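Beneath this line is the structure, given in structure tokens, with notes to follow.
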Amino acid sequence: MQDASRTRFRILVVDPEPDSRAEVQNLLVQSRHIVVGGMDYGDETVSLAREFAPEVVLVSVADPTDAALEAIRTAGPPLPPP
């Protein structure tokens, strides 16, 4: 039995391979997370990260672009200074 109080995250999936992206999205949905979008690398990655405000951005490590890395920095609320 799953704990109903378990944390759910808003997640953006960035992967250039459509099949891999779909598989990851399905696994996340089955785990009761909220997938706000899935896309290939591209300039729209950052704008969608800003628009959907995911708490997590999953990026394929095969060859991340600058836009994908900027989307990671954009995700979630700003962290407090150390």
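The values are calculated or read from the model by the stated rules, or taken from the named source; none is laboratory data. All figures in this text were calculated on a predicted structure; none of them were measured in a lab. Glycine gets a Cβ as well: all are built from the backbone with ideal geometry, and neighbour counts include every protein chain shown.
Only one of the numbered conditions (1) surrounded by 16 or more Cβ atoms within 10 Å (Cβ to Cβ); (2) at pLDDT 90 or above is violated by residue 23, and that is (1). Outside any helix (DSSP H, G or I) and at positive phi: does that describe residue 6? Considered against the rule, which asks whether it is outside any helix (DSSP H, G or I) and at positive phi, residue 6 comes out as no. Scanning region 32-63 for residues that are modelled with pLDDT under 85, buried (at least 16 other Cβ atoms within 10 Å of the Cβ) and assigned to a loop (DSSP other than H, G, I, E, B) gives 41, 60.
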